[in-house]
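Working notes, beginning with the structure itself.
Just so it is clear, none of the values below were taken in a lab; they were calculated from the coordinates. All figures in this text were calculated on a predicted structure; none of them were measured in a lab. Backbone-built Cβ (ideal geometry, glycine too); neighbour counts: all protein chains shown.
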Amino acid sequence: MSVIDLITRVDAICKKYDKYDVDKQKELNVSGDDAFARLYGVVEADLDAALEKSETAAGEKNRATAVAMNAEIRRTKARLLEELPKLQRLAFKKIKGLSKEELEARSDLVSALKDRIEAIPDGSTTATKKTGGGATSTSYTGIKIDSNSGGNFDNEYFQETQESNQFRQEYEMRRTKQASCFVIVLDQGLDVIAEGLDTLKNMAHDMNEELDRQVPMMDEIDEKVDKATSDLKNTNVRLKHTVTQCVEVRVTLVFKQLPQLYPL
Amino acid sequence: MAGSDPQKLMTKADKLTQLSLTRWSADWKNASVLYEQAANGFRVAKNYDKAKLAFEKASKGQEMLSSPWDAAKHMEAAAALAKELGNWSEVADFYRKASELYNECGRSQPASDALAKAARALEDAVPEDAVQLYIDACEILEEDGKEQMAFDLYRAATNVYIKLEKYTDAAAFLLRLGLAADKCNATNSQCKAYLGAIIVYLYAHDIKQAEKCYNDCSQIDAFLRSDQNRCASKLLSAYMEGDIEEIKRLSQSSTISNLDHMIIRIARKLPTGDISGLKMDAGKEDEPLDENDLT
């Protein structure tokens, strides 16, 4: 008989008599009976895969791919979170062969799993993180700081890489420059206005002083002109008198001479 | 009028005024009239020399007739003609005489005007005399309480001093301007005068004097509250720090550009001399004081 023949015969025999292998049966039974453990295993595997994906996404240079990956991660997280309540129910089920402590440990495991799922960084800003789990456990009393949206990416969960830092700096710079561009234009405009106003102010002051200077002069002129008008009026009246007198004299003379000129 | 006619008039008038055996008193009335006519005739004929002479005689005649106003007017005309001839001493003399005659009339404004005209005529030729004339003109106005009119004269005098490079005198005059402005409550002119004085001192590189001036002027409320005060303090602090850029920037500012044009010119030329020496001097000064303060 050749070796190959031997191997094939051994395989066939093993398969036939597998059901009599106690250890293996135990193993299968354990996983087969314990739905919790099965589900837990599945969830954990998914979690690990998501974590890996998030790491690649964080290091991704192309923003579009990063965004796509983050979206997928978020979808995975949501799905896993849905599975969690089922897992919780299974955790509380009493199973043969499990000790009480192990039962409690299972619920702890569930809550821990929940935290781990939520902790997967998916590039989104985080709202408040729930502090340490449910009623029972002492696990995970990590204090999370409320981080406001608006560009603050300073989470401990956000793994900062060189590129993301640079990108953030560029964003900040652009934002301030845009604001200061407006300010610079406004400043220049205001400077021009200020200069114009200075000139106007000085001119106004000078005009004020000049007018002040001219007020007493005007008063003098007023007086003198008044005097001149009254003199003129006087003179006019006298002149009129004189002229009327002259006319009278002339008329009387003419009348006197008339009979001589035109003797009847 | 022909050229001979004025001459004839002149000779006729002269005959009237000449005292002789036949004439016991001069007939100034007619003579003045004739002199005037003759002078006008000469002026038209552009015979300035004779015209000037005729005006002089006409003025004298009016004086005799106790009409100082007409006399002064003739004198001024004579002085104008002397200016045409470039006879500077005569210009000064005639204008002074005219000013005195105006004063006799009790009219201060025309008196100072006459002196101002003289000064303007002499600015280029004999600046020292011009300055003296300006000063006298200002005094006449101040006596009469008409300081407002004096501002222009003060400014003109300051300009002449700056041209003569007599900076202390110029600054002193600006301070007098400030005083006059204070009496009239012309705060803007006052502050401009003080700022101008400080700049003149700085231009003469007399920093101590400039600071002293600044301190004195700061006692005055109107100056303390003004733009010019701020400009002056900035200028002095820039000098103390030896900051040439700042000084140049300030001299381009609008506050200084609204001053008298001569002052603007010297302000643009600031800083003169070495400023960095100032910083060290300022430092050295402090130390001896500290040592002596042990008493």
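Here are a few things to note about the model shown:
- Placing +1 on each Lys and Arg Cβ and -1 on each Asp and Glu Cβ, with no other charges, gives the protein assembly as shown a dipole about its Cα centre of roughly 2420 debye.
- Each residue, residue B:244 and residue A:222, gets one label point 7 Å from its Cα in the Cβ direction; the gap between the two is 5.8 nm.
- Were the residues from residue A:49 through residue A:211 laid out at 0.36 nm apart, the gain over their Cα-Cα distance would be 49.3 nm.
- Trypsin sites (Lys or Arg not before Pro) restricted to DSSP loop in the stretch A:189-264 with at most 16 other C-beta within 10 Å: none
- Between residue A:230 and residue A:177, the simple label model (points 7 Å from Cα in the Cβ direction) yields a spacing of 8.2 nm.
- Dividing the C-alpha radius of gyration of the protein assembly as shown by 2.2 N^0.38 Å, with N its residue count, gives 2.23.
- Burial ranking of peptide ranges B:38-48, A:38-48 (average Cβ count within 10 Å, highest at the top): B:38-48, A:38-48
- Contact order for chain B, expressed relative to its length and based on alpha carbon pairs under 8 Å spaced 6+ residues apart, stands at 8 percent.
- Over 20 Å (Cα to Cα) - which of B:29/B:57; B:46/B:83; B:73/B:183; B:73/B:97; A:227/B:117 fall in this group: B:73/B:183; A:227/B:117
- Here the 3J(HN,Hα) profile of the stretch B:250-258, calculated from phi with Karplus coefficients 6.51, -1.76 and 1.60 at θ = phi - 60°, is 5, 6, 8, 5, 6, 4, 6, 6, 9 Hz, Gly and Pro shown as x.
- The mean number of partner chain beta-carbon atoms within 10 angstrom of a residue's beta-carbon across peptide B:254-263 is 2.
- Length released on extending from residue A:3 to residue A:247, taking residue separation times 0.36 nm less the Cα-Cα span: 70.3 nm
- Rounded to 0.05, the FRET efficiency of the residue A:187 and residue A:119 pair, given R0 = 60 Å and the Cβ-Cβ distance, is 0.80.
- If the chain linking residue B:206 and residue B:5 were pulled fully straight, counting 0.36 nm for each residue of separation and taking away their Cα-Cα distance, it would gain 66.0 nm.
- The fewest-to-most ranking of A:111, B:237 by surrounding Cβ atoms within 10 Å reads B:237, A:111.
- Relative contact order for the stretch B:146-276, counting Cα pairs under 8 Å that sit 6 or more residues apart, in percent: 22 percent
- Charge tally around residue B:204: other residues with Cβ under 12 Å, Lys/Arg +1 each, Asp/Glu -1 each, net 0.
- Around residue B:34: net Lys/Arg minus Asp/Glu count, Cβ-Cβ under 12 Å: +1
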